[in-house]
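Only one structure is covered here, and it is reproduced in the block below.
The values are calculated or read from the model by the stated rules, or taken from the named source; none is laboratory data. The structure displayed is predicted, hence computed values, not measured ones. Quick reminder, even Gly has a Cβ in these numbers, built from the backbone with ideal geometry, and neighbours come from all protein chains shown.
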Amino acid sequence: MLTQERVAPGTTHVRRHAPTWAEARQLSYTCATPLPSVAVTLREAIGGTLTSPVTAPRNLPHYASSAMDGWAINGGGPWKLTTPGGPLAAGQASAIATGGLVPAGATSILRKESGRVSDAGHLTLRPDSTPDETLPGRHIRPAGEEATTGDVLIHAGTLLNPAHIALAAVAGHDHVRIQRKPRVAVVLTGSEVVTSGEPAPGQVRDAFGPQLDTVISQLGGEPRGQQRIGDSYDEWMAALSGAPEGSVPDAERPDVTITTGGTGKSGTDHFRDAVAALGGRLLLDGIAMRPGHPAVLAELPDGRFIIGLPGNPLAAMMALMTLGEPLLAALGNRPLTEASPMTSGADIEPDPRRTRLIPCTVVHDLVFPASHTGPGMMRGLAWAHGYMAVPPEGVAAGAPVPVLPLPWT
């Protein structure tokens, strides 16, 4: 099989064999460069990856504040009460709430529980209070206690959670820069596909529409809608060409389009012809793996990638893990997930020249192939803990086998 491959941006060469599963994953990862970062509001940033550090533009807190409800006092007392907010001379006090600005001249904060006010407006210590209640600095939160100007509050590369966002807000930030997630559109094909009820003979129920957007999100993408088409060339052309340049904002245009079905080479499979007519090129055409070997990866002149998944559900999911997961990781500036060697609990027969991708379960640190794992079956995948990449020579029980997690596990 002739496959055009770009091993690094701007570089191409031609392969004369279907790439192995490992080569296909690597190719899908290296063919793309990270998308640029974007400035977003704090509300929009939760769940994003920070690309520029968040620093303290000034001391945090930026003023000395009270840690207690009570009175700001100057000296050891007793104290004459004055209007809150003004400076305090020796022997004066003014009421203050937790978080309130400590007035100039205040030496400490006297807790409400530790003082009492006479009818004449004088503040004194309660008899049961201790002298250390009036020590200098008592119950005052100094400016810069949490951070000083220029301190890094959140490092670049942090996956932002709600507490990070609260910290950025407290520091006075309105926006942060995060890594943009790749926008992913989905084209669901097949005139025989029905979307509800029990399919009649010759029909199949749609296995992709209800779940593919969620999987895209789990893989680090941003779903941008689904489109259903039949099997005609014109429908394929319209779906893959997308909206004319300039007709939609750049922020709405997908970075990746995923198609289901139509990657075979029959008269009703138009993926390759449509890509060629749009001036695109195939980066990968077929993979030496089972299931999912007819998967295709292409790039259009506008820089958009197209992943062609086979029509059978399990084959499509394994192809999505092989091509979609690495591609979305590369665009999202994330590392490629590596397989972990685990001990096989069963003998798995060889399959010359092809890697077998088999949903598997883990039992007492051993991995076993799931049952019901034909290309069109989903039962085995539904209960799997991951999937094993069995090399062409097979694997013996007790030997290591590469295993990767599923997005939802």
Count of residues meeting criterion [closer than 15 Å to THR134 by Cβ and outside any loop (DSSP other than H, G, I, E, B)] in the range 98-121: 9
Complete set of residues in the range 1-22 that are at pLDDT 50 or above, surrounded by 12 or more Cβ atoms within 10 Å (Cβ to Cβ) and not in a helix (DSSP H, G or I): HIS17, ALA18, PRO19, THR20
Pair list, Cβ under 8 Å, 6 or more apart: the range 34-55 residue over 17 Å from LEU167 (Cβ atoms), other residue outside any strand (DSSP E or B) and charged (D, E, K, R): LEU35/ARG180; LEU35/LYS181; LEU35/ASP255; PRO36/ARG180; SER37/ARG180; VAL38/ARG180
Top-ranked residue in the range 59-81 [being small (Gly, Ala, Ser) and touching a helix residue (DSSP H, G or I) at 6+ places or on another chain (Cβ under 7 Å); ranked as modelled with the lowest pLDDT]: GLY77
Strands (runs of 3 or more DSSP E) contained in the range 162-280 and holding at least 1 residues at pLDDT 95 or above, crowded, with 19+ Cβ neighbours inside 10 Å and of a type outside the set (D, E, K, R): 175-179, 183-188, 256-260
Residue that is farthest from HIS155 (Cα to Cα), among those in the range 23-53 that are within 14 Å of the chain's Cα centre (by Cα) and in a helix (DSSP H, G or I): GLU44
Single match in GLY380, GLY394, GLY386, GLY345 (criterion: surrounded by 15 or more Cβ atoms within 10 Å (Cβ to Cβ), touching a strand residue (DSSP E or B) at 6+ places or on another chain (Cβ under 8 Å), at pLDDT below 95 and not assigned by TED's automatic domain parsing to the domain that holds VAL193): GLY380
Only listed residue being outside the structural domain of TYR233 (by TED's automatic domain parsing), touching a Lys or Arg at 6+ places or on another chain (Cβ under 9 Å) and buried (at least 24 other Cβ atoms within 10 Å of the Cβ), chosen from LEU284, LEU357: LEU357
Strands (runs of 3 or more DSSP E) wholly inside the range 326-409 that include at least 2 residues being within 28 Å of VAL256 (Cα to Cα), of a type in the set (Gly, Ala, Ser) and under 29 Å from the mean Cα position of the chain (by Cα): 386-390
